[in-house]
Amino acid sequence: MKVIIQKFGGTSLKDDVGRKQATKHIANAVSEEYKVVVVVSAMGRKGDPYATDSLLSLISSRSIALPKREIDLLMACGEVISAVVMSSLVKEHGLSTTVLTGVHAGILTNNDFGNARISEIKTERIVSALNDNDVVIIPGFQGVTSNHETTTLGRGGSDTSAAALGVALDAQFIDIFTDVEGVMTADPAIVNNARPLKTITYTEVCNLAYQGAKVIHPRAVEIAMPARVPIRIRSTFSPSNGTIVTDKIEERDKRNITDRIVTGITYVGNISQIKISEKKNSHRLQSEVFKAMAEQEISVDFINISPNGVSYTVSESVTEKAITAIKQLGYEPVVEAECAKVSAVGAGMTGVPGVTAKIVSALTNEGIQIMQSADSHTTIWVLVKQQDLNKAVNALHETFQLNRISN
Ligand code: ADP
Ligand code: MG
């Protein structure tokens with residue numbers, strides 16, 4: 001059986017125009033003799049009636065906090081609605097299809113409600129449904145525990161569902177359809193001349209995704225990579241093949257890939273920088289502060305430890321919680337709110353001198369203050385004020401001439 005996975009994101013399914021476009025891609029794959037497994041996200045974004053955030057807003061103002069198990073029951077509805085709506089369009093198109101939820105499809109997870117991990121997919125029912133139909137539609141982002149409880153997979157969960165199904169069904173391709181042309185040299189929402197990348201390796205796209213390029217969730221890449229199932233990131237609104245993620249790079253593309261020092265510029269906004277200084281007993285400060293953050297389940301980034309104290313960043317949403325915990329330890333933190341982390345990512349920067357110098361001069365020329373920086377062999381990070389974010393991403397995109405890459 002020649003299987004293809006086609007995942008459609010919420011932005012693509014938000015209205016009838018997008019859903020009809022999605023149906024065309026499904027019909028095309030059927031005409032190419034694929035058995036198609038369609039994975040759908042909930043329709044639209046916050047404000048759209050059946051989007052995940054809109055469902056959550058139905059309970060957010062209540063005074064009683066619901067157990068995570070019940071929140072998952074609510075959140076899983078958005079994808080089910082989307083799957084049934086797509087089923088009606090696909091049938092209208094003359095194709096045979098059936099909907100299997102995470103429960104029906106045998107997508108087994110652990111019981112970490114809200115952020116569950118897929119442990120196994122029992123594919124029998126999917127395979128039998130594919131034998132009987134052209135298309136099987138599966139709501140993404142959901143699974144089931146061994147105790148028959150519905151779970152959701154956390155942020156980017158539909159990408160993860162698509163990747164896990166692709167591996168379990170030994171698919172020819174995992175196609176991630178979204179509202180942009182593919183993986184681009186920067187977020188096209190803030191860089192006008194960002195360019196789509198034709199080919200990219202699993203490692204590169206994983207790095208980009210971890211550093212904020214939300215076009216695909218890194219967990220999905222990590223699932224597909226060891227099985228070497230190729231992923232394509234494509235636009236719902238165009239017929240092009242988009243970006244192909246693979247390790248099998250064709251000879252003529254090899255030079256392009258190994259030559260690029262920087263593949264893309266990414267960012268994560270809405271973070272706060274916390275600084276705590278203490279000259280007398282910095283050892284105690286270091287261990288106490290990070291222990292407290294761990295106890296509060298606050299994830300920390302951009303950690304800088306020196307004999308005079310520590311500084312690190314946290315997401316804006318947990319800043320208050322972090323400050324309270326630090327004050328309880330008797331320290332006075334200095335907080336710089338509204339910051340953003342900008343990253344230049346590229347496997348080709350390893351050992352190349354002058355990359356940091358280029359970044360620093362591009363930003364200082366624009367009058368952007370670098371509040372902190374760090375680097376690894378594939379990424380250089382800088383912390384800037386949120387108000388400088390767009391300017392900083394554009395300046396770095398420009399300085400590495402990413403608008404001129406040839407694919
Ligand atoms: P979906 O609803 O399809 O899951 P997402 O909003 O999760 O869509 O991801 C698509 C968005 O990712 C694009 O609209 C784009 O603004 C954003 N994005 C951020 N960085 C990049 C990048 N480097 N390449 C492409 N898109 C990016
Ligand atoms: Mg997405």
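Quick notes on this one:
- Pair list, Cβ under 6 Å, 6 or more apart: region 75-88 residue open to solvent by less than 10 Å² (accessible area, probe 1.4 Å), other residue part of a helix (DSSP H, G or I) and of a type outside the set (Gly, Ala, Ser): Gly78/Thr52; Gly78/Leu55; Ser82/Leu13
- Unmet requirement for Asn131, which otherwise passes all of (1) away from ligand 1 (no atom under 12 Å from the Cβ); (2) polar (S, T, N, Q); (3) farther than 19 Å from Phe113 by Cα; (4) open to solvent by less than 50 Å² (accessible area, probe 1.4 Å): (4)
- Region 11-23 residues that are assigned to a loop (DSSP other than H, G, I, E, B) and open to solvent by 50 Å² or more (accessible area, probe 1.4 Å), paired with ones that are at pLDDT below 95 and within 14 Å of ligand 2 (Cβ to nearest atom) (beta carbon under 8 Å, 6 or more apart): Lys14/Arg45
- Residues in region 267-305 that are without any contact (Cβ under 8 Å) to a residue 12 or more places away in the chain and among the small types (Gly, Ala, Ser): 2 in all.
Listed here are the residues, each with its yes/no results for (1) open to solvent by 20 Å² or more (accessible area, probe 1.4 Å); (2) over 21 Å from His397 (Cβ atoms); (3) in contact with a helix residue (DSSP H, G or I) (Cβ under 9 Å, 6 or more places away or on another chain).
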{"position": "Ala337", "(1), (2), (3)": "yes, yes, yes"}
{"position": "Ala344", "(1), (2), (3)": "no, no, yes"}
{"position": "Gly354", "(1), (2), (3)": "yes, no, no"}
{"position": "Val360", "(1), (2), (3)": "yes, no, no"}
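- Hits in region 387-407 (condition: over 23 Å from Arg195 (Cβ atoms) and either in contact with a Cys (Cβ under 6 Å, 6 or more places away or on another chain) or without any contact (Cβ under 8 Å) to a residue 12 or more places away in the chain (or both)): none
- Odd one out for Val127, checked against (1) within 16 Å of ligand 2 (Cβ to nearest atom); (2) out of contact with any strand residue (DSSP E or B) (no Cβ under 8 Å at 6 or more places or on another chain): (1)
- Residue check: Thr313 meets all listed conditions (1) of a type in the set (Val, Ile, Thr); (2) touching a residue at least 60 places away in the same chain (Cβ under 8 Å); (3) open to solvent by 80 Å² or more (accessible area, probe 1.4 Å) but one, namely (3).
- Options Asp159, Asp179, Asp175, Asp170: the member that is modelled with pLDDT of 95 or more, within 15 Å of ligand 2 (Cβ to nearest atom) and surrounded by fewer than 24 Cβ atoms within 10 Å (Cβ to Cβ): Asp179
The rows are residues; the columns are (1) β-branched (Val, Ile, Thr); (2) part of a loop (DSSP other than H, G, I, E, B); (3) without any contact (Cβ under 8 Å) to a residue 24 or more places away in the chain; (4) out of contact with any strand residue (DSSP E or B) (no Cβ under 8 Å at 6 or more places or on another chain).
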residue	(1), (2), (3), (4)
Asp170	no, yes, no, no
Val180	yes, yes, no, no
Val205	yes, no, no, no
Ala213	no, yes, no, no
Ala220	no, no, no, no
Arg232	no, no, no, no
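- Selection within region 134-156 - at negative phi and surrounded by fewer than 24 Cβ atoms within 10 Å (Cβ to Cβ): Asp134, Val144, Thr145, Ser146, Asn147, Glu149, Thr150, Arg155
- Being of a type outside the set (Phe, Trp, Tyr), open to solvent by 40 Å² or more (accessible area, probe 1.4 Å) and on the phi > 0 side of the Ramachandran plot holds for only one residue in Gly94, Gly114, Gly106, and it is Gly94.
- Filter result (part of a strand (DSSP E or B) and within 13 Å of ligand 2 (Cβ to nearest atom)) within region 1-10: Lys7, Phe8
- Filter result for Ser41 (within 14 Å of Gly154 (Cα to Cα), touching a Gly at 6+ places or on another chain (Cβ under 8 Å) and of a type in the set (Ser, Thr, Tyr)): yes
- Flag for Glu33 being open to solvent by 60 Å² or more (accessible area, probe 1.4 Å) and among the acidic types (Asp, Glu): yes
The values are calculated or read from the model by the stated rules, or taken from the named source; none is laboratory data. It should be emphasised that the depicted structure is a prediction, and the values quoted were computed from it without experimental measurement. Ideal geometry is used to build each Cβ from the backbone, glycine not excepted, and the neighbour counts take in all protein chains shown. Each accessible area value is taken on the protein alone, full model and side chains, heavy atoms only, with ligands, DNA and RNA left out. Shrake-Rupley method; radii C 1.70, N 1.55, O 1.52, S 1.80 Å.
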